[in-house]
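Input: a single structure, listed below in structure tokens.
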Amino acid sequence: MLQQVTNILIVDDDRSLRKMLAFVLGKEGYGVEEAVSGVDALKKLKGRNFDLVISDIRMPDLNGIELLKKIKTHDPEMPVIMITAYATTNDAIEAMKLGAEDYIMKPFSLEELKIIINKSLHKKNIERENVELKEKLSAKEKFENIVGADPKMRKIFELIDTIAQTDSTILISGESGTGKELIARAIHGKSSRSGQKFISINCGALPENLLESELFGHKKGSFTDAYQDKEGLFETANHGTLFLDEISEMSQKMQVKVLRAIQEKVIRRVGGNQEIQVDVRIITATNRDLVQSIEKGEFRSDLYYRLNVISIKLPPLRERKEDIPILMQYFLLRYNKKFAKNILGFEKEVLECFQNYSWPGNVRELENFIERGIALEKGSIISAGSLPAEVIYNLEAAPAKAADWQGMLDLGQFNFSQYIDDISKSIIFRALAMNNGNIKKTAAALQVNYRSLRYLIEKFKLKFHS
Ligand SMILES: Nc1ncnc2c1ncn2[C@@H]1O[C@H](COP(=O)(O)OP(=O)(O)OP(=O)(O)O)[C@@H](O)[C@H]1O
Ligand SMILES: [Mg+2]
């Protein structure tokens, strides 16, 4: 794939500062062009596409503020970073009001400038990605309420389309949080039964007797608490769909009763002797391997074959990584709406962490992270620092580049303590992640004393949930 170069225009009448910036940013891999004045900048902006403008405020002929106004009328999306001297903070405030992306005050360290540049470019990228993903989400990667771009999920969507109209029983298997209930609802929604009820019951949540009377109903007086006749869920779901969740948790006795209800399409209320005809479609779900349960004698094989006419196996999230970015976007939209927020997106490290994480709780876990992230985030982007330590575990904090310091030193721009700080920060970040945010363990691992580590964590603003 063609690597796209990011182009930056540097506008400054101060030759030495301009050359220095051009040199450093060029080494960072940016395409850099210099303009000696506001007028010169406008000329260069017409000739070529730039991704970012960095401009001094005080300049002869057209000053930075005037230049900013002109850029914003032509190209409101163009990020512009202003350079200002300490004495002219009012100019900086004015510039921000006029739509500057950010400003940096002289004297500044190159690290500071790089961070601001990265942030501005990243925000621009996120905005663009947002638009693209929104378009995708509204089109083909959403099926009912189910998001999925991975080929395995697309196959499942196709399968649902073909089987929804039939009355076959369906067994959905998959780890917890993979979307089994969502799939069951989608099947019902696409079937000719969609105008009727979808009833869901967790077979693992009730003791045997209660489950029996829930499913089949009871006659008044059939047991101590049966004060009146009660309809069961098979009857309530008549002409609709009955979703039996955690089917493996049903007792042997209940397995026999359910098998009979499915085979004969009649049920009998507890304590009653009248046979009641029911027409329900049965969808079941399990997060256990039923074949193993059969081998252990815990699950009846005849029921299994009845339930497993059509089998849908939902892959765990770690086996469909393509779905991660699109699910992130989907939940971003949903929870922005819920909390009336306008968070733009995620720092790119968040996606990296997410793609390396194993997701034991699958999509539900991802959804919970994003819900919490959006609820708590104070800025406009969800940052990796706010993720739980186990998720960051795999993230390698970018190590400071060893080559950089020599060039900076040659230019008289090298800041020793800043450089050492950057390296320390990256090591501490990594060590904390490896120790689940536990400061004591991290101190031991790094062989430093607890209090100095605490001091550094605060200094570097490293946040961890432990
Ligand atoms: N592909 C998906 N697209 C959008 N949301 C999803 C997707 N998969 C799961 N979810 C969401 O994740 C959460 C868990 O889904 P669901 O309850 O269907 O999982 P489950 O497999 O039934 O889990 P459990 O085994 O724990 O009952 C729900 O909030 C659901 O909306
Ligand atoms: Mg479920």
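The values are calculated or read from the model by the stated rules, or taken from the named source; none is laboratory data. Please read these numbers as outputs of a predicted model, since none were measured by experiment. Glycine also receives a Cβ, built like all others from the backbone with ideal geometry; neighbour counts cover every protein chain displayed. These area figures cover heavy atoms from the full protein model, side chains too; ligands, DNA and RNA do not enter into them. Shrake-Rupley method; radii C 1.70, N 1.55, O 1.52, S 1.80 Å.
Couple of notes before you dig in:
- The range 7-137: translational diffusion in µm²/s, Stokes-Einstein, Kirkwood Rh over Cα pairs, 4 °C, 1.567 mPa s: 87
- In the chain, the longest principal axis of the Cα atoms and the axis of helix 15-27 are about 40 degrees apart.
- Full extension of the segment from residue 222 to residue 253, taken as 0.36 nm per residue of separation minus the current Cα-Cα distance, would add 9.4 nm.
- Once the C-beta distance of residue 90 and residue 208 is scaled by a Förster radius of 56 Å, the resulting FRET efficiency is 0.15 to the nearest 0.05.
- Cα centroid of the range 141-188 to Cα centroid of the range 1-40, whole Å: 51
- Percent accessible area from carbon and sulfur atoms, the range 7-137, protein chains only, probe 1.4 Å: 52
- Dipole of the chain [Lys/Arg +1, Asp/Glu -1 at C-beta], most positive-end residue of 210, 381, 170: 210
- Gained length - residue 368 relative to residue 311, 0.36 nm times residue gap less alpha-carbon distance: 17.7 nm
- Alpha-carbon Debye profile of the range 323-459, log10 I(q)/I(0) at 0.10, 0.11, 0.17, 0.20 Å⁻¹: -0.44, -0.52, -0.98, -1.13
- In the chain, helices alone account for a calculated mean residue ellipticity at 222 nm of -14500 deg cm²/dmol, with every DSSP H run of four or more residues adding -39,500 (n - 2.57).
- Note on residue 118 and residue 152: their simple-model spin labels are 3.3 nm apart, each label 7 Å out from Cα toward Cβ.
- Spacing of the modelled spin labels on residue 452 and residue 192, each 7 Å from Cα toward Cβ, amounts to 7.8 nm.
- Within the accessible surface of the range 206-288, defined with a 1.4 Å probe on protein heavy atoms only, the carbon and sulfur portion equals 45 percent.
- Crossing angle, helix 416-434 versus the chain [Cα axis fit, 0-90 degrees, rounded to tens]: 10
- Kirkwood Rh, angstrom, the range 151-314 [1 / mean 1/r, Cα pairs]: 16.2
- Residues residue 318 and residue 377, FRET efficiency given R0 of 30 Å [Cβ-Cβ distance, rounded to 0.05]: 0.75
- Average projected area [Cα convex hull, the chain], square nanometres: 30.8
- Axis of helix 323-338 versus longest Cα principal axis of the chain: the two differ by about 90°, to the nearest ten degrees.
- Amide H to amide H distances under 5 Å link residue 172 with 284, 285, 286, 312, where only residues 5 or more positions off or on other chains count and H is placed in the peptide plane.
- Computed E for residue 70/residue 351 - FRET, C-beta separation, R0 51 angstrom, nearest 0.05: 0.90
- Excluding ligands, DNA and RNA, the accessible surface per residue across the chain is 53 Å² with a 1.4 Å probe.
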